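The values are calculated or read from the model by the stated rules, or taken from the named source; none is laboratory data. Every value quoted in this text rests on a predicted model; they were computed, and no experiment measured them. We place every Cβ from the backbone using ideal geometry, glycine too, and count neighbours over all the protein chains shown. Side chains are part of the model used for accessible areas, which takes the heavy atoms of the whole protein and leaves out ligands, DNA and RNA. Shrake-Rupley method; radii C 1.70, N 1.55, O 1.52, S 1.80 Å.
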Amino acid sequence: VRLKHFLQERLEIPDIPMIDLLRHPAIGELCDFLAGVLRSAATGEVISRYNPLICMNPHGSKPPVFLVHPGVGEVLVFVNLARVLGDDRPVYALRARGFDIGETTFQSFNEMVSSYVDSIEARQPEGPYYLGGYSFGGAVAFEIAKKLEAKGKHVAWVGVFNLPPHIQFRMKELI
């Protein structure tokens with residue numbers, strides 16, 4: 001957050017969304033992105049290149065895990081999970097379309113799933129695939145797995161996270 005505010009003030013950019021800082025985790029990538037923002041502000045051009053994959057943790061030697069957003073479509077809920085996941089694998093989150101300027105939302109569930117499958121395959125052409133989803137994202141992850149398997153790809157794991165972190169302490173009451 002300090003970096004966000006520092007860059008906004010120093011570069012005189014009214015708002016740099018936090019998600020863009022996550023999208024460009026390397027300093028060179030961030031510099032290129034901010035240069036583009038400054039160019040588009042000077043020309044009045046609106047740049048929108050939707051890519052649902054947000055790299056939450058680029059490090060690891062194992063195949064990556066792909067996490068699907070909850071119903072609201074945002075992936076910031078995965079920031080802490082990606083930070084503490086000590087499984088030696090990269091972590092990517094899939095963010096819904098429609099948050100950025102000029103983006104339209106998906107017209108159907110199938111369009112969303114197909115878009116996510118395409119992005120996952122572009123990042124990792126062959127399996128094994130590890131997929132997870134939070135709440136609504138669990139259903140999306142399951143459908144992604146079905147599409148990948150229908151293409152003959154190996155899906156090693158599909159997980160559904162459905163307990164909001166702020167009520168985790170109540171689990172003892174349910175047992």
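Quick notes on this one:
- Taking only protein heavy atoms and a 1.4 Å probe, the accessible area of the chain is 58% carbon and sulfur.
- Once the 1.4 Å probe is applied to the protein heavy atoms, the chain comes out at 60 Å² accessible per residue.
- Of the trypsin sites (Lys or Arg not before Pro) found in segment 43-107, those in coil by DSSP whose Cβ has at most 11 other Cβ atoms within 10 Å are R49.
- Each principal axis of the Cα atoms in segment 44-97 has its own extent, and those three values, largest first, are 42, 23, 15 angstrom.
- Cβ-defined net charge surrounding P63, 14 Å radius [Lys, Arg +1; Asp, Glu -1]: 0
- Total formal charge among the other residues, if their Cβ is under 10 angstrom from that of Y129, Lys/Arg +1 and Asp/Glu -1: -2
- DSSP beta bridges in the chain [antiparallel fraction, %, rounded to 5]: 20
- Kirkwood-Stokes translational diffusion coefficient of segment 47-141, alpha-carbon pairs, 20 °C, 1.002 mPa s, µm²/s: 158
- Alpha carbon centroid spacing (whole Å) that separates segment 119-154 from segment 48-88: 14
- Only Lys, Arg (+1) and Asp, Glu (-1) charged, at Cβ; segment 9-128 dipole about Cα centre in debye: 220
- Between I101 and V84, the simple label model (points 7 Å from Cα in the Cβ direction) yields a spacing of 3.7 nm.
- In terms of accessible area, using a 1.4 Å probe and ignoring ligands and nucleic acids, V77, V113 rank largest first as V77, V113.
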